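Quick notes on the structure that follows.
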Amino acid sequence: MNRLPKYLLLTSALGLSQLTYAQTNFTIIKPAESHAEIIAKAANITPSAKQLRWQQLELTAFFHFGINTYSGTEWGTGKEDPKIFNPAKLDAEQWVRTAKEAGFKQVILTAKHHDGFCLWPTKTTKQSVESSPWKDGKGDVVAEVAAACKKYDIGFGVYLSPWDMNSPVYGSNAYNDLFIEQLTELLTKYGKVDEVWFDGANGEGPNGKKQEYDFNRWYAHIRKLQPQAVIAIMGPDVRWVGTETGYGRETEWSVLPADNLDQASVSAGSQKDINIKPSGFLKGQDIGSRDKLKNAKGLVWYPAETDVSIRPGWFYHEKEDSKVKTPEKLLDIYYSSVGRNGVLLLNIPPNKEGLIADSDVNSLKELTRLRTETFKGNLAKGASLQSPNGKNLKAILDGKYSSSWTTKGSDSTATIELELKQPQTFDVLSLQENISIGQRIEKFRFEYWDSKNWKQVAEGTTVGYKRLLRFDPITASRVRLIIEQSRLNPTLSEFGIYKQAK
Ligand code: FUL
């Protein structure tokens, strides 16, 4: 069976925007295809169901916890004595509650970091909680976090480090089997798993050997055991944004060129996900513009995850208690990650007692106050709307992501004007494209009417799932969004203006 996405030419006379494409999160480009055809195809690449769910989480929390918490290191050696692990007051509900109250929708636990110490009792090694004094070796951190996520109804994910400095079989084929066993335990004993996070580090094991990771086999195994889970970073579904600062790109495309897609990389059955890590796209500030797509061999929906720690290190160290990021810094990170078409993965590492420290909890509480007060009400609500070449305009203020405005015919530019009920003062613009149709907007500007002229407030390139722009406060009752360039018809799910809380 041919599993390549099929597209149908409705009428050749009407041009590219009249091509109807099957919804797919990847496509292969044939050598004869023109640049315009490639752009039209790019406009029709859409996230898979699990990628869409993941993007809508916006905020996910990382819990780096393990032997490093006790040895005071960031990377262990694999020679640690498991007896140093003893989180006497461990309360996974406090971790998950802290995350949930701060607006996080999913957490990811480091089930095993590079040192090889496992936070769950495993048949694969004794280097685990079982050999620790915690709960007399009967404890299971993975089980406690998974149960807390269930109780608080948020997503649960696992970080399993491919690099293992402790495993005696690391550096041989047997390690790829051992890794499969570890995945099987994690993905069958703890209920639903929503994200599997693979780091790229590949160092030496205890015998001085490096391992050739059998990623494709691991992906297939995860797809079988937890088909709804996204596989992140060294995986096919979610990409690393490329920095650990918390700041994404100003121009962030979720559709990227990829060189290595072929039929063999597509999973069978109804899940049309790719099963290999896309490769070939470039690093740097621009990885998905028209120019970068020119020589694409394939196109793929591969969205950005922006990971950063609330502290200087990924693991808890007491000496960093005074260096916890301030609420203002975290807010800036929020605007620069979620507000730049990414998902923020914020690390909040539990301490030696097994609790999130007060300093971190307090910073998150203030971040939450600032975010909630700022975004509590859309100041554009109730505005009268105009867009001469638009369809379904009221969708942009209905608070429902799934409904969206678009343009008529094949128009790829548009103006949306809003007459507010009364003058409002605002300093944040929030835009959301309907990515279930594709990511299309390439250039926009935002203006207000100062009673004589239109004046520019802000401008940008990509929107994607969410774009937040801040500017000096403006008071106005007429504003307009001008979409200057788009790949085929642009869409807009939501439009918002807000005043930042102090
Ligand atoms: C990195 C690791 O080496 C760090 O220790 C941390 O886990 C981070 C999230 O990924 O590559």
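Observations on the structure shown:
- Equivalent ellipsoid semi-axes, the chain, via Cα gyration tensor eigenvalues times 5, rooted, Å: 42, 29, 17
- Applying the Karplus relation 6.51 cos²θ - 1.76 cosθ + 1.60 with θ = phi - 60° to region 423-440 yields 3J(HN,Hα) values of x, 10, 9, 8, 9, 9, 10, 10, 10, 9, 7, 8, 6, 6, 9, x, 9, 10 Hz, where x marks Gly and Pro.
- The slack between LYS323 and ARG217, meaning 0.36 nm per residue of separation minus the straight C-alpha distance, is 34.1 nm.
- LYS365 paired with ARG445, simple spin-label distance in nm, labels 7 Å along Cα-to-beta-carbon: 4.5
- From phi via Karplus (6.51, -1.76, 1.60), per-residue ³J(HN,Hα) for region 155-167 in Hz, x at Gly/Pro: x, 10, x, 10, 9, 10, 6, x, 5, 9, 7, 9, 5
- Extent along principal axes [Cα atoms of region 255-375; Å; largest to smallest]: 51, 31, 28
- Equivalent ellipsoid semi-axes - Cα gyration tensor, region 128-258, angstrom: 26, 22, 15
- Cut-off under 5 Å, modelled amide H: who pairs with PHE62 long-range: ILE108, LEU346, ASN347, ILE348
- Alpha-carbon Debye profile of region 411-502, log10 I(q)/I(0) at 0.15, 0.19, 0.26 Å⁻¹: -0.55, -0.86, -1.39
- About the Cα centre, charge dipole magnitude for the chain (Lys/Arg +1, Asp/Glu -1 at Cβ), debye: 1320
- Per-residue ellipticity at 222 nm computed for the chain from its helices equals -6000 deg cm²/dmol, with DSSP H segments shorter than 4 residues left out and the rest contributing -39,500 (n - 2.57).
- For region 132-141, Karplus couplings with θ = phi - 60° (6.51, -1.76, 1.60), whole Hz, Gly/Pro x: 9, x, 4, 6, 6, x, 9, x, 8, 5
- Beta bridges per DSSP with both ends in the chain, % antiparallel, nearest 5: 60
- Burial order of peptide ranges 451-459, 343-351 (average beta-carbon count within 10 Å, highest first): 343-351, 451-459
- A straight Cα-to-Cα reach below 24 Å connects LYS79 with the lysines LYS112, LYS123, LYS126, LYS135, LYS138, LYS209, LYS210, LYS319, LYS352, residues fewer than 8 places away in its own chain not being considered.
- If the chain linking GLN422 and ARG478 were pulled fully straight, counting 0.36 nm for each residue of separation and taking away their Cα-Cα distance, it would gain 19.2 nm.
- Built amide H within the under 5 Å cut-off of VAL463, gap 5+: ILE441
- The alpha carbon centroids of region 449-502 and region 355-413 are separated by 11 Å.
- Distance (nanometres) between label positions extended 7 Å along Cα→Cβ at ASP358 and GLN94: 1.2
- Between region 285-345 and region 118-186, the alpha-carbon center distance in angstrom: 27
Here, each number is a calculation from the coordinates, and none is a lab measurement. Here the structure is a predicted model, which is why all the values come from computation and not from measurement. Cβ coordinates were reconstructed from backbone atoms using ideal geometry, including for glycine residues, and neighbour counts include every protein chain displayed.
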